[in-house]
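Read the structure below first, then the notes.
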Amino acid sequence: MQTKGVIVTGGSRGIGRATVELLAREGVDVAFTYNTNHEAAQEVCECTKHDKGRVKGFQASAKSFSEAKEVVHEMTAFLGRIDGLVLNAGINKDMPLMMMSEEDWDNVITTNIGGVFNYTKPVIYQMMKQKHGKIVCITSVSGLKGISGQTNYSASKAAQIGFVRSLSKEVARFNINVNAIAPGFIETDMWSSIAQKQREEIQQEIPFGRPGKVDEVSEVIKFLLSDKSSYMTGSVIVVDGGLSS
């Protein structure tokens, strides 16, 4: 890992937490954001305090550009430089469209795609100046195939893929790689919130017959942050156990 300083949005739980912990073990300094759960953020810091890489959590909303800009400034001071950005923060408010409230639509769109813009813009300027950087956006198979009851979530995740593919073309000449990972159903809080009967039905649709583990996604993130992925940009790597095949 030549990457030395990485920002992870939404790093206090699920895939984000697994990524923070993996990178810290590899000796990477990590600054992560969290929304409101101070206890979960503190747990991440405690779990990584003996690792080679330094870890620090910053409370911030993904929906506020001014807040994101200020937090990135603080993170840069902590890290020294930003070599990588993992765009992981996101929410879901699943509901059939005919029953979906305007608030649930707006919250998902503003958090998931607005948050990607809010953190990428201040970071990309620094990466362009240093002529190096790795950006990894955690999208979803929901943005590739669409999932019933997730029109807001699927729309936001499809938008993230378009964002990644467009940005990758803008910044390739600055030696910046921009890629996405589209996980399927992964053992996170989102998976746990699904009713048991529905989880069983979903597992029957997955060729591997099980949800993925967070480490199976974080290892792919590590690869995209490393020099081993130096000729990859604008790509979407699907990690879904064959669900979308």
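The values are calculated or read from the model by the stated rules, or taken from the named source; none is laboratory data. All values derive from a computational prediction rather than experimental measurement. Cβ coordinates were reconstructed from backbone atoms using ideal geometry, including for glycine residues, and neighbour counts include every protein chain displayed. Remember, those area values only see protein heavy atoms, side chains included, never the ligands or the DNA or RNA. Shrake-Rupley method; radii C 1.70, N 1.55, O 1.52, S 1.80 Å.
When the chain is described by a simple charge dipole with +1 on each Lys and Arg Cβ and -1 on each Asp and Glu Cβ, the residue from VAL108, LEU225, VAL8 located farthest towards its positive end is LEU225.
Each residue was assigned an accessible area with a 1.4 Å probe, and for HIS73 the value is about 120 Å².
In whole percents, the pair-distance distribution calculated for the range 206-245 from its alpha-carbon pairs, binned every 10 Å from zero, is 27, 46, 25, 2. In the full protein context, the range 1-151 carries 46 Å² of accessible surface per residue, based on a 1.4 Å probe and ignoring ligands, DNA and RNA.
Between GLN160, PHE174, GLY149, the Cα set farthest toward the positive side of the dipole of the range 84-183 (charges on each charged residue's Cβ, about the Cα centre) is that of PHE174. Quick one: Debye curve from the C-alpha atoms of the range 84-148, no solvent, what's log10 I(q)/I(0) at q = 0.14, 0.15, 0.26 Å⁻¹? The Debye formula, applied to the Cα set alone, gives -0.52, -0.58, -1.14. How far, in degrees from 0 to 90, does helix 14-25 lean away from the longest principal axis of the Cα atoms of the chain, to the nearest 10? Around 30 degrees separate the two axes. In units of the compact-protein estimate 2.2 N^0.38 Å, the range 80-195 shows a Cα radius of gyration of 1.14.
Scaling against 2.2 N^0.38 Å puts the C-alpha radius of gyration of the chain at 0.96. Compared with the dominant principal axis of the Cα atoms in the chain, helix 65-79 is inclined by about 50°. Applying 0.36 nm per residue to the separation of LYS4 and LYS169 and subtracting their alpha-carbon distance, the gain on full extension is 57.0 nm.
Calculated on C-alpha atoms, the gyration radius of the range 140-190 divided by its Kirkwood radius gives an Rg/Rh of 1.08. Based on C-alpha pairs under 8 angstrom that are at least 6 apart in sequence, the chain has a relative contact order of 20 percent. Here the Kirkwood formula, the inverse mean of 1/r across different C-alpha pairs, assigns the range 1-86 a hydrodynamic radius of 12.4 Å.
Partner lysines whose Cα lies under 30 Å from the Cα of LYS213, excluding those fewer than 8 positions away in the same chain, are identified as LYS4, LYS49, LYS52, LYS56, LYS63, LYS93, LYS134, LYS145, LYS157, LYS197, LYS222, LYS228. The Cα-based radius of gyration and maximum Cα-Cα distance (Dmax) for the range 39-94 are 13.0, 39 Å. Taking 0.36 nm per residue of sequence separation and removing the Cα-Cα distance, the PHE78/SER235 pair yields an extension gain of 53.5 nm. Quotient of the Cα radius of gyration of the range 130-241 and 2.2 N^0.38 Å, N being its number of residues: 1.16. Note on the range 159-223: Cα-Cα pairs beyond 19 Å make up 50% of the total pair count. Across VAL164, VAL178, VAL220, mean-square fluctuation computed from a Gaussian network of the chain (C-alpha pairs under 10 Å connected) peaks at VAL220. For the pair the range 1-60 / the range 142-197, the C-alpha centres are spaced 21 Å from each other.
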